[in-house]
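Only one structure is covered here, and it is reproduced in the block below.
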Amino acid sequence: MFDAETIQSTFYLPVKLFEAEGVDSAQVVGVTARGDSMGDTIRDREQVLVNRAQRTPDGVFLLRMDDELRLKRVQRVASGAWVLISDNPAYERELIKPEDQWRVEIIGQAWRKVGRVF
């Protein structure tokens with residue numbers, strides 16, 4: 001589903017930005033956030049650059065759950081479960097038990113965002 005998305009735009013960043021952080025530019029893709037679940041961390045309609053080479057939680061990640069792409073904070077807990085956290089407190093946390101993790105694909109870690117000033 002993700003790899004079949006239509007490319008809506010292209011923009012270029014300096015190679016030094018990737019090199020300075022050890023990020024392979026070929027593994028970076030962009031998505032447009034929808035909704036307010038990540039509060040001020042990632043706002044509605046902001047573009048987020050996702051590093052597909054980094055797929056091990058903890059941090060903010062692009063996930064595929066069923067037929068839906070979601071940006072969530074993923075925290076590993078002692079039981080091996082993952083807690084999906086929205087930075088907007090109006091949203092409940094979700095617990096993904098180890099036996100249910102097959103339902104969740106971690107596409108990559110949110111690396112940078114391109115946001116609005118206001």
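Return yes when Gly59 is of a type in the set (Gly, Ala, Ser), modelled with pLDDT under 95 and under 25 Å from Leu17 (Cβ atoms) and no when it is not. So Gly59 fails the test. Being closer than 19 Å to Lys97 by Cα and touching a residue at least 12 places away in the same chain (Cβ under 8 Å), is that true of even one residue in segment 43-52? Looking for residues that are closer than 19 Å to Lys97 by Cα and touching a residue at least 12 places away in the same chain (Cβ under 8 Å), one finds none in segment 43-52, hence no.
The residue that is modelled with the highest pLDDT, counting only those in segment 2-12 that are closer than 18 Å to Asp67 by Cβ and surrounded by fewer than 10 Cβ atoms within 10 Å (Cβ to Cβ), is Thr6.
Right, Leu71: of a type in the set (A, V, I, L, M) and under 18 Å from Gly30 (Cα atoms) or not? Spelling it out, Leu71 is indeed of a type in the set (A, V, I, L, M) and under 18 Å from Gly30 (Cα atoms). Restricted to segment 1-54, and to residues there that are among the charged types (D, E, K, R) and within 22 Å of Ile85 (Cα to Cα), the residue that is nearest to the chain's Cα centre (by Cα) is Arg52.
Which of the residues belonging to segment 44-58 are among the charged types (D, E, K, R) and more than 20 Å from Leu13 (Cβ to Cβ)? Please lay out each step first, then the result.
Step one: of segment 44-58, the residues among the charged types (D, E, K, R) are 44-46, 52, 55, 58.
Those that are among the charged types (D, E, K, R) and more than 20 Å from Leu13 (Cβ to Cβ): Asp44, Arg55, Asp58.
Looking across segment 65-118, the residues that are β-branched (Val, Ile, Thr) and in contact (Cβ under 8 Å) with a residue 60 or more places away in the chain come down to Ile107, Val114.
The values are calculated or read from the model by the stated rules, or taken from the named source; none is laboratory data. Computed from a prediction, not measured in an experiment: that's the story for all the values here. Positions of Cβ are generated from backbone atoms using ideal geometry, with glycine treated the same way; all protein chains shown enter the neighbour counts.
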